[in-house]
1. Sorted by average packing, counted as other Cβ atoms within 10 angstrom per residue and highest first, what order do 437-447, 338-348 take?
2. Say R0 is 51 Å: what FRET efficiency, to the nearest 0.05, do T574 and Y256 get from their beta-carbon distance?
3. What is the gain in length, in nm to one decimal, between D230 and N1001 on full extension, counting 0.36 nm per residue of separation less the C-alpha to C-alpha distance?
4. Students often check this: by mean Cβ neighbours within 10 Å, which of 411-420, 311-320, 366-375 ranks highest, and how do the rest follow?
5. According to the square roots a ≥ b ≥ c of the eigenvalues of the Cα gyration tensor, what is the shape class of the range 611-869, taking rounded for a/c under 1.5, prolate for a/b larger than b/c otherwise, and oblate for the remainder?
6. Roughly speaking, what is the stretch gain from D84 to N934, that is 0.36 nm per residue apart minus the C-alpha to C-alpha distance, in nm to one decimal?
7. Kindly state, to the nearest 0.05, the FRET efficiency for E983 paired with Q647, given R0 = 56 Å and r defined as their beta-carbon distance.
8. What's the exposure ranking of S905, S384, going from fewest to most Cβ atoms within 10 Å?
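Values in this text are rule-based calculations from the coordinates and carry no lab data. Everything numeric here is computed off the predicted structure, so don't read it as measured data. All Cβ positions, glycine included, derive from the backbone under ideal geometry; neighbour counts span all protein chains shown.
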Amino acid sequence: MTREQVRAVALAAIMVVSMVAVGAGFAGSAVAQNDGSTTYEVGQGNGTNFQTIQEALSSDALSPGDTLELVDETYSPSGQLTVDTAGVEIVGVGDTTIESESTGYGIRVTAVDVRLSNFEITGSGTYAVKVSGADLSEGRLDGFTIENVEVRDSGSTGIDLNAVTNATIDSVTVSDTVSGNGIAFTDVTDTEVTGVTTTNNSWGGVAIYADGALSDQLGDDVGSYGIEFDGDLNADEPLPLYEQASSDDLIGDIDYPGNIQYRVAANTSSTPPDRNVANQFEWFYTSESAAVDAAVATNDGTGTDAAVVSELGGPFVVADDMSVQSAVNGAAAGDTIVVRQGMYLENVTIDTADLSIEGPNAGIPGDHSDRTSEAVIQGQVVASADGVVFDGLTVTPPNASTDAGAEALRVSGAADNITVRNNVVRDFGAAGLPEWEGVDAINVFGGNADDAVRNVIVADNLIENVSGRSTKGGVTGISVQGNVENADVSDNVVRNVGESDTAWAFGAVVRGTGNHDVVPSEISIAQNNISNIRSNPETRTVGVGIGVEAGGAPAVTFENNSVSDAAFLVEDKTATINLSVFAGNNDLDRGAILQPVEIDGQDRNIVLNSVQDALNLVSENETVKLVPGIYAENVSVETPNVTLVGQGDDTVIDGSVALDADETTLSEVRINASVGDVFPNPAAENNAVNVAGSNVTVSDVTVDLSVESAEFSEGLAIEVFGSDASATITNATIDGTGEMTADNLTAVVGVSADAGADATVRDSDIDVASDGYSFAVVARGGATTDVRNNELSASGGELDGVGFGVEGDNPGAQTVRFNTFDGVETIENKAGDGELDVTGNYWTDLSDVEFLTDADTFKEAQKGGEITYDPLLTVEPDEVDADSLGETTQFGHDLVIPADGDTHSVAFPAATEGTVDEVFGDFNGTVYAYNGTNWVGNEDIADQRISALDAFAVTIDEDESDQRITFEYADADSEIPEMTSTELEAGWNFVAAPSNGTVSNAFGVSTTEVASVVNVVGGPADKSTPYRLAGSDEINPTTVGPFQGYWVFATDDGELGAAVPVGPTQSDEETTLKGN
């Protein structure tokens, strides 16, 4: 024989001897394989090789490449199963479960080429399967396979690979980890993952880690890379996949699952997942919405280290409550950032070349009706790098207080090839700028004399509601300023620029700069629509539609612009532009070019529109009609019996209207009023409409009131003031908003009647909201109001939004009926005493309304009154065909059951709409009814309809919220039903009182003698009826209420009458419910 043959024979002999020797240690027969490995059976049966898995793993007989077949259905190892023999396979046969009782790892793999397959493992104390080399100084563990394995209920991550290479994860399911991921890879390379399913794991589905801690052992090879996911990752988790690394270069070359589409990158210690670390996280999601939600959860939308979202292989995505600036900081030249609709409270500086920022309306002009919800940047935007595109967003910065923030959108820094297109710039102004400085909506600023800003496009933008700073400052819609070459300003809409006391305003202007003497050149201004440029004509400088202060012809050209509603439609201070030619090439609103008029010693053309001038000329019994247009002035009607009428919302008075004379009428106009730091209350300054005359009519008007104040200031849409003042306000639409620019309160009032005035408000829509407080309607100082058939909404901030309020005295003189209260926060009675009756109104969400009579914010003298709001309408007022509640059943009641764990009785004096389940709603507790013999509850009565005088025992768990029941009576759309009845059986009955009042009166409608009435209820836990009391020796309560259940002892069978009660109010209900 050859040496090799001798050696083979010798090895075979040694193997046989070894098997014989080892065979003495276990029962059963091992099966030798052709490759020299051996398959052992592990189980409790007589024919197995090992009784337990740990015994098999600890056996000296186990050799590299051997297989352990798990033949039993269940294994319950008490400790960790350690696999430290290379090439070992652990294979389940049939339905195999390892129920680990280990307080540590379930299975610990420290050897190479181990294969785990075809079993389920549950309940380990920490990791169910932990794979890593015993000595990491020897490098990564090379080779590991796990397939067809299900992991459940592990204490930590289900399957954890640490410093492993060439692994295969196939057809694995991990669920319900207590603290950890489904699968975790740390410093893992060249691994294939297929068919993984994860569900309900506390940290998410799959995690890929690389913290650099193994750099000493692995050197430059440290990190996780080469992990390939084949197909989708089936992760039913809030977080399907995430990466964590201490630096960006430690994780790479990952072939992500096919259904993973979005990445969230964050340098944060926030959740998810909930671990207090400060490393670099990247989370991965199947949908944009899930990715955005995760990013939002990590930041407040303003931080420079806020999370950013990017589509794999696509653009960055920024959504509401995220940070645009963070995306800019993370982007590279040539990238695109897509900004979804939302509000972004931050300044944005775009200093990366060739970066495109696209909003939800990219490609859609700023004033186009096809625009959808906006992405609104509530800060300044500055483009200072070449090639920037800013397209399809809205910019609304806070009002500027310094020169650095005086432009909403600025192009500067000698940047070239900038495009600003399809944006909206609105609601921007000044707040404390130095005198004679102004604000610009869009400014193209060439501040460097030696390096021009070149090739700029400002097109298809909408600029509106940009305001100046009183009489010593101004505002510009679009400004091209200084060393600018080849700028195209076209197809923009510029409107509502400036305000009535602004010294100067420009729709668009070409001008120089104090930095140097270089002026703009090659400037084209074409096809812009510029309107309503407001200013104070009494100052030396006024509102200008298009202005030229530097450059002039031929450096600046104009074509096909529409200019309207400005004191100066065009102003040329270079005296180089032919205004006749300009008028022929452009569209000037109202079509008038005035003959030269001297203003401050200069001849100028001016278009003047003044409502006040017309009113100053009008006589009694005459009418002033306003054509559609915008009239930026305060108006005072001082002649009796004058009618001021417009043509609806297209006729706009941008100021206030004072109706000082008797018998005057204001109708068919829109009033836009702005209020600043004004208090107390001069009518022309902080009221949109002030009524001082008697028998005044305000009808079909729309009032838009804006209050913006750093001091305590209250703006009133309509005020009727004075003992001689009276007004009827009908079909009005009032929308009021208030913004606090400092810590003091700002308030908005829809309609106020004050100082003994008399106001009727009918068929109007009033919606007011403020950062401070608001009133839809308020009666003050002994005023009288009649408020009916209106839609009233009010929301506040620091204090409440009040739907209707009384301040002062006389709450009983107010009539508030058949109104819809939608979105109001409170109803208030600050009269100090007396009852405010607001019954018979419709509430869209009564649970959100508080009825305040003694709030902490009230002065002591204002406390002590009452408010009655119940009964309430159950349909909107326009669906009620009646003048009073006595003529309809389209009303119901509001009950609140305390969540105190006690049993309360709840009863219904008449049949209601809906079943027990529908009326009581969902809560944690019980609802029982007494059927004459036994208590019946919950699902047994859930589908039963509630009949007249039905009573229930209700218990709500203490940790729940109070349960509100708002119900309407049956047949609410029909005439008032005749009196109905419920049966009384001889003995004890659990029923409602037919009405409130004394026991004798309430129960006197019974056809049988009521011997006893008891107002206690124990519920089904009390075995006797009621409370082990006899039927004839109990003392009746003095009074009863219609919404409480009573034990009634009848001497014989009979009936107890019932009818729909109009009179009972929530004060009756609260008394009965709280005492049960």
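1. Values: 437-447: 24.8, 338-348: 20.4.
Order by mean packing, descending: 437-447, 338-348.
2. Details: r = 61 Å, r/R0 = 1.20.
After rounding, the FRET efficiency stands at 0.25.
3. Numbers: separation 771, 0.36 × 771 = 277.56 nm, distance 8.11 nm.
Length difference between fully extended and current span is 269.5 nm.
4. Details: 411-420: 21.4, 311-320: 17.5, 366-375: 16.0.
So the peptides 411-420, 311-320, 366-375, ranked by packing, come out 411-420, 311-320, 366-375.
5. On the way: a/c = 1.80, a/b = 1.53, b/c = 1.17.
Note, shape of the range 611-869 comes out prolate.
6. Values: separation 850, 0.36 × 850 = 306.00 nm, distance 6.84 nm.
Computed gain between D84 and N934 is 299.2 nm.
7. Computed FRET efficiency for E983 and Q647: 0.25.
8. On the way: S905 24, S384 16.
If I rank by nearby Cβ atoms, fewest first, I get S384, S905.
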